[in-house]
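The values are calculated or read from the model by the stated rules, or taken from the named source; none is laboratory data. Remember, predicted model here, so these are calculated numbers, not experimental data. A quick note on method: Cβ atoms are made from the backbone with ideal geometry, for glycine too, and the neighbour counts reach across all protein chains shown. The protein model used for the area step is the full one, side chains on, heavy atoms only, and it has no ligands, DNA or RNA in it. Shrake-Rupley method; radii C 1.70, N 1.55, O 1.52, S 1.80 Å.
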Amino acid sequence: MINLILFGKPGSGKGTQAEFVRKSYNLVHISTGDVFRTNIAKNTDLGILAKSYMDKGELVPDDVTIKMLEEEVNKNQRSKGFIFDGFPRTTKQAEILDKFLSDQNLKISMTIALDVDEKILIKRLLDRGKQSGRSDDQDIIKIQNRFDEYNKKTLELIDFYKAQNKFFSIDGSGTINEITQRLFKTIDKFKND
Ligand code: AMP
């Protein structure tokens with residue numbers, strides 16, 4: 001079983017790459033951002049709550065996010081493994097994820113960061129915003145706030161996973177295919193070690 005975390009700033013390509021990994025390694029892809037957006041579209045209580053944070057480029061509170069993540073994992077008990085995309089984003093989320101997995105005799109195999117320069121990310125996000133209509137991708141202040149949240153709350157997870165010898169970083173710039181190849185190489189190396 002492989003349980004992978006795809007890590008990186010907003011716009012680094014986690015969602016796009018997670019889909020390639022899902023297909024090639026037969027894993028379940030859980031994107032917390034996507035689950036929130038589905039709830040927003042359906043106007044559920046969770047969606048209404050999440051929207052009030054997402055619209056400002058802020059993180060949704062840990063308790064809400066963790067509960068939702070656990071439900072998504074529990075829905076897929078028979079899977080061969082998971083790709084976590086956009087989760088964890090805080091140390092508390094990471095600690096609870098470790099505990100939640102170990103209670104089921106599971107663990108995170110590796111965390112792979114997609115490393116991309118902020119200037120490239122801003123261009124990617126604004127382009128994506130034009131195509132998708134996502135409001136948090138269309139406003140430079142919201143984008144900057146998402147980077148600030150990342151730097152304040154998420155960046156420290158690099159040390160968290162380095163301490164467990166589970167942190168890998170790849171260059172997340174170039175063509176989609178080039179990045180996918182780098183990612184597969186990193187996963188395969190881990191699998192064959
Ligand atoms: P994403 O699609 O991963 O860029 O996430 C979009 C937004 O959803 C983020 O800016 C947060 O507001 C919220 N979100 C997604 N994942 C998390 C998480 N793990 N913790 C808190 N908020 C999250």
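Some points to look at:
- Using a cut-off of 20 Å between Cα atoms, the listed pairs LYS23/LYS142; LYS67/LYS191; LYS14/LYS75; LYS75/LYS99; LYS130/LYS153 include LYS23/LYS142; LYS67/LYS191; LYS14/LYS75; LYS130/LYS153 as exceeding that distance.
- Taking amide hydrogens as placed 1.01 Å from N in the peptide plane, the amide H of MET110 sits under 5 Å from those of ASN3, ILE5, each at least 5 positions away in sequence or on another chain.
- Per-residue ellipticity at 222 nm computed for the chain from its helices equals -17000 deg cm²/dmol, with DSSP H segments shorter than 4 residues left out and the rest contributing -39,500 (n - 2.57).
- Computed over protein heavy atoms with a 1.4 Å probe, the carbon and sulfur contribution to the accessible area of region 43-114 reaches 50%.
- Applied to region 101-113, the Karplus parametrisation 6.51 cos²θ - 1.76 cosθ + 1.60 on θ = phi - 60° returns per-residue 3J(HN,Hα) values of 5, 5, 4, 10, 6, 10, 7, 6, 7, 7, 10, 10, 8 Hz, with x for Gly and Pro.
- Shape parameters for region 59-114, alpha-carbon atoms, Rg then Dmax in Å: 11.0, 30
- LYS130 versus LYS107: modelled label distance in nm, points set 7 Å from Cα along the beta carbon direction: 4.7
- Taken one residue at a time, the phi angles of region 144-161 give Karplus couplings (6.51, -1.76, 1.60, θ = phi - 60°) of 4, 5, 5, 5, 5, 4, 4, 5, 7, 10, 9, 3, 5, 5, 4, 5, 4, 7 Hz. Gly and Pro are set to x.
- Region 61-70 - phi-based ³J(HN,Hα) in whole Hz, Karplus 6.51/-1.76/1.60, Gly and Pro as x: x, 3, 4, 5, 5, 5, 4, 5, 4, 5
- Share of pairwise Cα separations in the chain, more than 19 Å, in percent: 59
- The length gained on full extension between PHE100 and SER173, counted as 0.36 nm times the residue separation minus their Cα-Cα distance, comes to 23.0 nm.
- Options GLY15, ILE141, VAL64, ranked by Cα towards positive dipole end of region 6-142, top entry (Cβ charges): GLY15
- Chain lengthening between SER24 and LYS67 when straightened (0.36 nm per residue, less Cα-Cα): 12.7 nm
- The label-point distance for GLN144 and ASN165, in a model that sets each label 7 Å from Cα toward Cβ, rounds to 4.3 nm.
- Three-way shape call for region 123-175 based on the alpha-carbon gyration tensor, with the a/c threshold at 1.5: oblate
- Applying the criteria of a DSSP loop state and at most 16 other Cβ atoms within 10 Å to the trypsin sites (Lys or Arg not before Pro) of region 104-138 yields LYS107, ARG134.
- Estimated FRET transfer efficiency (THR91, THR186; beta-carbon r; R0 30 Å; 0.05): 0.80
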